[in-house]
1. For region 304-351, which trypsin sites (Lys or Arg not before Pro) pass both filters: DSSP loop (anything but H, G, I, E, B) and at most 14 other C-beta atoms within 10 Å?
2. Would you compute, from DSSP H runs of 4+ residues alone, the mean residue ellipticity of the chain at 222 nm, taking -39500 (n - 2.57) per run and dividing by the full residue count, rounded to the nearest 500?
3. List, in order, the whole-Hz ³J(HN,Hα) value for each residue of region 664-672 obtained from phi through the Karplus relation with A = 6.51, B = -1.76, C = 1.60 and θ = phi - 60°; use x for Gly and Pro.
4. Which far-off residues, 5 or more places away or on another chain, put their amide H under 5 Å from the one on S223, with H placed in the peptide plane?
5. For F519, F733, write out the residues from largest to smallest accessible area, computed with a 1.4 angstrom probe and no ligands counted.
6. Report the relative contact order of region 75-195, percent, no decimals, based on alpha-carbon pairs under 8 angstrom and at least 6 residues apart.
7. How long are the three semi-axes of the equivalent ellipsoid for region 634-674, computed from the Cα gyration tensor as the root of 5 times each eigenvalue, in whole Å, largest first?
8. For region 1-96, compute Rh as the Kirkwood radius over C-alpha pairs and then the Stokes-Einstein diffusion coefficient at 10 °C and 1.306 mPa s; write the answer in µm²/s, rounded to an integer.
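The values are calculated or read from the model by the stated rules, or taken from the named source; none is laboratory data. Please read these numbers as outputs of a predicted model, since none were measured by experiment. Here the Cβ is made from the backbone with ideal geometry for all residues, glycine too, and neighbour counts use every protein chain on show. Keep in mind that these areas ignore ligands, DNA and RNA; they rest on the heavy atoms of the full protein, side chains included. Shrake-Rupley method; radii C 1.70, N 1.55, O 1.52, S 1.80 Å.
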Amino acid sequence: MDKKRELLSPAGSYSILKAVANAGADAVYAAGNKFGARAYAENFTEKELLEALDYLHLKEKRFYLTVNTLLKEQEVSELYEYLLPLYQEGLDAVIVQDIGVMHFIKQNFPNLPIHASTQMTITGEYGARLLLEAGCSRIVTARELSFQEISNIYQKTGAEIESFVHGALCYCYSGQCLLSSMIGGRSGNRGRCAQPCRLPYELYENKEKAVSSRKHKEQYPLSLKDLCTIDLIPQLIQSGVYSFKIEGRMKQAAYAAGVTSIYRKYIDQYEANPEKPYSVSKEDRETLLHLGNRCGFTDGYYTRHNGKEMITFLKPSHEKGKDFLQEQIYNTYIQIEKKEKINGILKLFIGNPAILVIRYKDIQIEINGQIVQSALKQPLSQESIIEKMKKTGNTSFVFDTLEVEMEQEIFLPASALNQLRRDALYQLENKMLEKYKRKNAFRFHKEAELQKEKTEKLSEKIETEGLEKVTFPKDLESEKLKTAKLSREPELRVLTETLEQFQVVLRQPEVGRIYLEAFSCIRKELAQHITDCVEQAHKMGKECYLAMPYIFRMETAQWFCNHWKKILQTGVDGYLIRNFEELQFLKEMGVKPESIQGDYNIYIHSKEAIQGFAQFSCDQFTLPVELNFRELKYLDCTKSEIILYGYQPLMISSQCIHKNMKGCDKKSDISYLKDRYGKLFPVKNRCEDCYNMIYNTHPLFLLHHLKEIRTLQTAGIRFSFTIENKWEIEQVFNSYREVICLNISKQNINQRKCKTYNRETNVSNKEKQGQYPKEYTNGHFKRGVE
């Protein structure tokens, strides 16, 4: 990597953008009033965004717009008008999480660079390669990666890599957190995280016994210290990191500018002389601490996989100190603006127009003004001319040198000199900015909006009049609606995490497909375990899919690569994927697209996202858990499945609560986190791939909404079993049969099938009583998120 590294700073407002630019940022990232992952920051108005673009471009710096939330179907149509003026003005890139947004931008703004957000959870070369091939120009890595993993991505793909170097850390892999969403309706994927990870929790070995080895009564096991990598700049550069990203769009100007200035100093220092021993002064370390820290600093995951030294454990507070430091930064970077130096030559000769020549780097501007006259009373002096001409005011320029070639006894009105200067600086700005301007955006087709309106009206009609009474317009007679007229039952699919669960599910005649979790046994026995399960499933007439790990980092990917022949020999019918890494991995392993099913955390929130997913040669997906029923109706769900039951994963973390609180014994187990309201969150540690999963306190249960769900016409419905025992699994199936029998009865169809189900599974009438869980959640099926 030959080009100079980029220092990328945050800005929650226009004033902060100016401050970090003055402090040495090469680029700034910020959000407008829509679609940014910091919805509660001050953010920019449309006018400020355009002004910010020009301001940075005049300083030859870059501006990246965060469009890094998941967009609902009705919001996608707003993207075009939102981005068009910024695109035309020369927006340098957008930071994107949603594959629907990515697809939309590629279609409508083909020359706009796209950066894959850290919210996309890119953890390795496979995900990076997939997104590069899809049109992304930069990969923002997951914050959990080590130097080795980042280096591997760079070496294998040549990707331009952006990584976080300073600021707050999330406990969960970014983009994989539903904790705030499920317990409070404020979605991190929509920029509204309430940060429940910063609250106290107790660890329980089981539902009764607490674990406490620390002196403090309140413990904060999910609260990470702030990241600081000022000592790791050489290793970051050597690993292939191009853009050094500072977190902090919710922070004040003094913090953002102060941190930027210190990282600027040490990046420049190392790049100027990489052979010189690298060290950071004590004063600069203390400055970073006083600018703000959360119970101290951690250098993050770059040198470790996880560890309790990264956790605050105490109540997290963003500590600051030394008011004089804040004042010093204010006076240096905020109050005084650094301007671009220009050189000028002013020519004033009687009978000729005044001429001003301005030079900035390789640009030269020449402007003619009014005719210079002979002085009748007081001639102009050179000193007074220079004083007037150097008043560049609120522009981005200041004269470094200004030569005046003039005759004696001349006169020119002060207004003429001012206008000459204004015209020259205006033309200089235009000349400097013209290289950024664009004109070739595609026009957004209004037909799409009309089609959307028709679909919305049709959905409302189905809801009020019933599916069988609706006449479909010809332009909406899609495969989905043709299928809808048949009113078929979706296939029942079941996820199992243990062999015991698999054996119970295997006996259920309604089940068409079983998903086997890759961590359902120790890794060295996985191939034989899959083989045995596939054989049993096939004998019972069921498909058997392998559910790939939720996180697919370098070591896990290497294991699957080394053992792929054995896995192929198991006869597994397909694969449930949880991330972009696995999608690309399976493609490179030659797996057919029709054998790949995307899980809920490959987010499909819009029709654009469905099209974007299809461009990866994959079109089978699981409906997102953050859309409500009305929002799901906007989608074409005919190739999807929906989760009807299961303990929803709320967090997937590289940290290990078991290790941090009790010590690592490399044994996968279930423990519980108790919150301040007494709710217990099950926690599983996945030792084979070393990540934790925190589940919701109560299972999702949507069987009582099955009538509505059938109108979505999904290909499948899913039960996800995680911590359930045999009896609890049987109860879920009993509830399902009860609902199905009720539907069949209403359609005057013979109920003998239901009786057969009960007889085959040996369920007594007594066992059928009270089949709904005592406590359950509807998730977002009705309420949705903001």
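1. Qualifying residues, ordered by number: R304, K322.
2. Numbers: 28 runs with 276 residues, N = 786.
The helix contribution divided over the chain gives -10500 deg cm²/dmol.
3. Whole-Hz 3J(HN,Hα) from phi for region 664-672: 8, 10, 6, 10, 5, 7, 10, 10, 9.
4. When sequence neighbours closer than 5 places are left aside, the close amide H contacts are T312, F313.
5. On the way: F519 30, F733 0 Å².
So, going from the largest accessible area down, we get F519, F733.
6. This gives 19 percent for region 75-195.
7. Values: eigenvalues 236, 23, 20 Å².
The three semi-axes for region 634-674 are 34, 11, 10 Å.
8. Details: Rh = 13.7 Å.
The diffusion coefficient I find is 116 µm²/s.
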